[in-house]
Structures are given as structure tokens and as C-alpha cells.
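Q: If you scroll down you'll find the structure; I have some questions about it.
The values are calculated or read from the model by the stated rules, or taken from the named source; none is laboratory data. The structure displayed is predicted, hence computed values, not measured ones. Because the Cβ atoms are built from the backbone with ideal geometry, glycine has one as well, and the counts that use them run over all protein chains shown. Quick note on the areas: whole protein, heavy atoms, side chains included, nothing else; ligands and nucleic acids left out. Shrake-Rupley method; radii C 1.70, N 1.55, O 1.52, S 1.80 Å.
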Amino acid sequence: MRNPSACRFVRRCRPVRSAAFVLVAVLAALAGCSAATDRENTTGERVRVDLLLNWFPEAEHGGYYAALAHGFYEQEGLQVRIVPGGPGVPVLSQVASGRAAFGVSNADTVLLGWAQQAQTVAVFAPLQISPRCIMVHEESGIQRLAELRNITLAMNPSSTFSLYIQKKLPLPGVKIVPYSGNVAPFVLDRQMAQQAYTFSEPYVARQRGSKPRCLLVSDLGFNPYTSLLITGRATLNARPEIVRKMVSASVRGWRHYLRDPAAANRLLRGQNDEMSWELLDYGAEQLRPLCVTDEVPLERIGQMMLPRWQTLLDQLVEVDAIASGAVQPQAAFSLEFLSRQEESSRQTP
């Protein structure tokens with residue numbers, strides 16, 4: 001068996017799609033898609049639905065696994081199958097077409113999808129702060145993204161966060177190279193920095209003897225909602241009660257995961273044995289301040305705001321990822337089902 005930590009950062013290379021890649025993936029997937037295939041009432045009175053992950057199972061999906069582990073989906077009358085993702089898996093197109101009822105994605109990807117006619121709607125946003133960061137060595141003395149200079153920076157050059165960094169920062173003496181998905185070059189070279197997620201690569205780098213510092217891309221103002229629960233417009237219109245139940249159980253799952261991730265982590269490791277227990281625990285710990293903020297406390301987890309969607313869209317237009325006027329941000333998300341959850345919570349003694 002391969003070493004769990006070593007495998008983790010090979011897989012952690014999450015390729016962020018360019019607009020052109022999104023278009024290719026959408027068209028290819030739509031060509032093979034039919035009407036929704038989620039089957040109702042196949043097991044007793046429960047409705048069977050699929051939840052497609054945007055990556056291999058890990059801490060960023062923890063709340064969804066908690067809802068499964070603690071029976072919250074079943075209590076809502078749902079039989080949920082969580083389907084692991086990976087590189088090139090066309091989650092957006094499958095959800096937009098109705099082939100799957102639900103998926104997990106990020107806000108910038110959702111907006112890129114709308115620009116390419118893959119119309120999905122975000123109904124729940126567990127991560128308020130994006131975990132995307134640039135990882136540098138502590139001994140480099142770099143404390144802020146604006147101080148990046150005279151280093152080699154490994155990141156996907158066409159990803160949205162990368163385009164934004166290159167647009168906003170001077171980056172004197174910075175050589176940008178493609179990110180290979182492996183932290184080994186970072187560990188070996190003190191003059192190297194790389195893209196990362198706060199709950200993944202930094203842990204692995206420390207295990208290999210490095211002292212990484214994480215510089216959040218959100219500090220530059222580029223802060224897409226992350227690990228969104230998305231559904232298709234057709235599902236939203238035709239099956240709103242199913243969406244309500246899915247949101248309700250997912251909200252409960254994320255609240256539980258942030259308090260006690262143990263049961264969900266057992267399920268996560270069962271689906272992805274390359275995740276060590278230590279890495280899962282570290283990931284859950286790192287997620288808490290990303291999910292729960294002063295603006296969005298635990299009891300209001302998952303909320304979204306139109307100004308943030310508009311800002312993100314403006315940024316994508318600014319870096320030429322989306323044409324001006326091609327997308328209306330209010331179409332990309334819905335607060336209807338979250339509002340119902342808050343109202344229900346207030347009425348519960």
C-alpha cells in the first residue's frame with residue numbers, strides 16, 4: 001500500500017478548470033446525459049438521490065458525510081448516495097442536466113458553468129472563507145501575498161485564483177511554474193512556494209520536516225464560497241421538497257461535523273483510505289474557522305449574500321474568465337431553503 005500522506009498530495013492537486021475546459025466538459029457530459037435518473041421510493045418511503053463530490057472524499061465534505069453517518073438524510077426520507085469525484089469528473093454538467101440531483105462545487109466554478117450554459121443553483125454554502133492559499137516557507141520571511149518576490153511559485157496558471165493573483169500583485173522576480181500536485185519540490189527547495197488548501201498540503205509538508213506558512217487568497221478579496229451544495233434548475237423547480245429535505249439534513253450534518261467529526265471521519269476514511277486519521281482530524285480543526293465566522297455563526301451556517309456573488313463575478317470578468325453581462329449572479333444561488341431552516345430553528349424550543 002502506498003504511504004497515505006504521500007498519496008494525499010498527489011491527489012490534492014485539484015486542477016481548477018479554465019472557461020474553455022468547462023465548456024468541453026459540459027458539452028461532453030451533456031451529450032451522454034438523459035433525464036434525471038435518481039429513483040424515488042426504491043427503499044420503503046425514502047427517495048434515492050445522488051450527491052456528486054467535486055473531489056476525492058476528505059474533510060471539506062465532512063458535513064455531508066456527517067449527515068449520512070448520523071441518519072439525518074434518512075430522517076428526511078432520503079436515501080443519499082455520496083459519489084466520490086476526482087480530476088475531470090463533470091459534476092456541474094451532470095447536475096445541470098438533471099442526471100444527478102445534487103453535487104458539490106465552488107462558487108467560481110458555478111459562475112463559470114453559467115457562462116457556458118451549465119446552469120446549477122447553490123442552495124447551501126458551508127465554507128464562508130475559501131481554504132485556497134499560497135504556501136511559503138516560514139524562513140522566507142514572507143508574511144503576506146503582496147510580499148511574494150524572487151521565488152518559484154507552483155500553481156495552475158489558468159485557474160481563477162491564479163489569474164486573480166497575477167492581475168493584482170506585482171510578483172517581482174517570481175517564476176510561475178505548473179503545479180505538479182506533489183509537495184516534494186516545496187519540501188526540497190526553500191525558494192519555492194505553491195498553491196494549497198489549508199487543511200491538506202500544509203499538514204503533509206510539516207510531516208516531511210518543512211515549516212510552511214499559509215497565505216490565504218481570500219485576504220486579497222478573492223473568496224469564493226466553497227463546498228457548495230448545488231442542484232439543477234429543473235430539480236429546483238420540479239422537486240423543491242426534495243431540495244428542502246436535502247438542505248435541512250446537510251445543515252444538521254455540518255453543524256454536527258464541526259462539533260464532533262469522529263463518525264463522519266470514519267465514513268470518509270472508508271471511502272478514501274489514503275486519508276490518515278491524523279490528517280482528517282487536522283482537516284476538521286482547520287475547517288471550523290472557515291465555516292463559522294462573526295458574520296455567519298454556527299446556527300446560521302451555510303448562508304450566502306448577493307454582494308459576495310456579485311464581487312466574485314466582477315473579479316471573474318476582470319480576469320477575462322467570463323464576458324461582461326454573460327451571467328446574472330442572483331440566478332446562481334437560492335436562499336429559500338436556508339431561510340426555512342432558520343425559521344424552523346426559531347420555532348423549535
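Q: Straight-line reach from residue 175: which aspartates and glutamates have Cα under 20 Å away, leaving out those fewer than 8 places along the same chain?
A: Excluding near neighbours in sequence, the set is 138, 139, 147, 189.
Q: Separate question: Would you calculate the volume per residue, in Å³, of the smallest convex hull containing every Cα atom of region 232-339?
A: On the way: hull volume 17.1 nm³, N = 108.
Dividing the Cα hull volume of region 232-339 by its residue count gives 158 Å³.
Q: Per-residue HN-Hα couplings for region 185-199, Karplus 6.51 cos²θ - 1.76 cosθ + 1.60 at θ = phi - 60°, whole Hz, x for Gly and Pro?
A: x, 5, 4, 7, 10, 6, 9, 10, 10, 7, 5, 6, 10, 4, 9
Q: Let me ask another. Just to make sure I understand: if all protein chains stay in place, what is the order of 291, 214 by accessible area at 1.4 Å, largest first?
A: Of 291, 214, the descending order of accessible area is 214, 291.
Q: Now for a separate question. Hey, can you grab everything whose amide H is under 5 Å from the amide H of residue 124? Only 5+ residues off in sequence or another chain; H modelled, so Pro and N-termini drop out.
A: Distant-sequence amide H within range of residue 124: 229.
Q: How far apart, in nm, are the 7 Å Cα→Cβ label points at residue 262 and residue 174?
A: About 4.3 nm separates the two model spin labels.
Q: Further, regarding this structure: Test of understanding: what is the full-extension gain from residue 75 to residue 233, defined as 0.36 nm times their sequence separation minus their Cα-Cα distance?
A: Values: separation 158, 0.36 × 158 = 56.88 nm, distance 2.49 nm.
Fully extending the segment from residue 75 to residue 233 adds 54.4 nm.
Q: I've got another one for you. Send over the semi-axes of region 186-280's equivalent ellipsoid, whole angstrom and largest first, taken as the square roots of 5 times the C-alpha gyration tensor eigenvalues. Before the final figure, lay out each step's value.
A: Details: eigenvalues 227, 77, 26 Å².
Semi-axes from the Cα gyration tensor: 34, 20, 11 Å.
Q: Related question: Can you send over the solvent-accessible area of residue 104, 1.4 Å probe, protein chains only, in Å² to the nearest 10?
A: My reading of the accessible area for residue 104 is about 0 Å².
Q: Can you sort 245, 168 by 1.4 Å-probe accessible area, starting with the largest? Present the calculation step by step, with values, prior to reporting the outcome.
A: Values: 245 50, 168 95 Å².
Reading off the accessible areas and sorting them downward yields 168, 245.
Q: In nm², what is the average projected area of the convex hull enclosing the Cα atoms of region 81-185?
A: On the way: hull surface 34.6 nm².
One quarter of the hull surface, i.e. the mean projection, equals 8.6 nm².
Q: Just how much of residue 190 is accessible, in Å², when a 1.4 Å probe is used and the result is rounded to the nearest 10?
A: Number for this one is 100 Å².
Q: Going Cα to Cα from residue 245, which aspartates and glutamates come in below 13 Å? Please leave out same-chain ones fewer than 8 positions away.
A: Qualifying aspartates and glutamates at Cα under 13 Å: 74, 76, 336.
Q: Arrange the residues 159, 324 by how much accessible surface each exposes, largest first, with a 1.4 angstrom probe. Numbers along the way, then the final one.
A: Details: 159 0, 324 100 Å².
Per-residue accessible area, sorted high to low, gives 324, 159.
Q: For region 252-268, what does the Karplus curve 6.51 cos²θ - 1.76 cosθ + 1.60, with θ = phi - 60°, yield as ³J(HN,Hα) per residue in whole Hz, taken in order and with x for Gly and Pro?
A: Each residue's phi maps through the Karplus curve to give 4, x, 5, 4, 5, 4, 6, 8, 8, x, 4, 5, 5, 5, 5, 5, 4 Hz.
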